[in-house]
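Heads up: the structure comes next, in structure tokens.
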């Protein structure tokens, strides 16, 4: 029996000392896609998630992502690019763009309370994820994907779209730098064992190579991010 779906953060913008974030898509409690706006020279806390795996896709701007506890261990990412982070790996993201940076975070499973902060310049080390006092209702200006809205184009000509596929034909025709985040469904072998599943983030060459041997089980829902 499935646990009750946590809807505390649906249709809400969570205000952060570094910017704001809100959920744009959710697959029950299995996965969520959160859209983040990080202001110039501001950064998230150095934190980890004890249970869930997370993935990021940078949509606009330039960011520095620290992995681990040492400040020297960071890498610069430009839009569009991706990064997967295993559970219990501490990480922090800083915006290096004057107009701020935007990205999506894909978490599997969905659990905003699965948060351990190690260090935070805003004094939130021992505090949990933000509560109702830090929220406001979502407006029509915010990006949300549903049955009627499945595409958004950013000012830097990066396009993010929600798609469903029963085979690899259209996916394999995409440019090599196109990014796919798996939101629903699986890619399996002949014994029904998953080789790709929800929360995985890959590019066209990888999924094209896998398609030579494996197949989509029923239907695959993906979030596609590419430069147009």
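We did not get these values from a lab; they are worked out from the coordinates using the rules stated. Predicted model, so just to flag it, every value in this text is computed and none were measured. So basically every Cβ, Gly included, is an ideal-geometry build from the backbone, and we count neighbours across all protein chains shown.
Some notes on this structure:
- Cα gyration tensor shape for the stretch 125-201, rounded if a/c is under 1.5, else prolate or oblate: oblate
- With a simple spin-label model that places each label point 7 Å from the Cα along the Cα-to-Cβ direction, the separation between residue 218 and residue 15 comes to 4.2 nm.
- Ranked 114, 200, 8, criterion: other C-beta atoms within 10 Å, fewest first: 8, 114, 200
- Per residue, the average separation of C-alpha pairs within less than 8 Å and at least 6 apart gives the chain a relative contact order of 20 percent.
- With a Förster radius of 41 Å applied to the C-beta separation of residue 62 and residue 116, the computed FRET efficiency comes to 0.95.
- On full extension, the segment bounded by residue 78 and residue 28 gains 15.0 nm, given 0.36 nm per residue less the C-alpha separation.
- Full-stretch length increase - residue 210, residue 176 - with 0.36 nm per residue and alpha-carbon distance subtracted: 10.8 nm
- Normalised convex hull volume, the stretch 28-99, alpha-carbon set, Å³ per residue: 90
- Simple spin-label estimate for residue 193 and residue 153 in nanometres, 7 Å along Cα-Cβ: 4.4
- Sorted by Cβ density within 10 Å, fewest first, the residues 92, 197: 197, 92
- Linear extension gain, residue 89 paired with residue 169, 0.36 nm per residue minus alpha-carbon span: 25.2 nm
- Three-way shape label, the stretch 1-155, alpha-carbon gyration tensor, a/c 1.5: rounded
- Percent RCO, i.e. relative contact order, over the stretch 151-227, from Cα pairs under 8 Å lying at least 6 residues apart: 45
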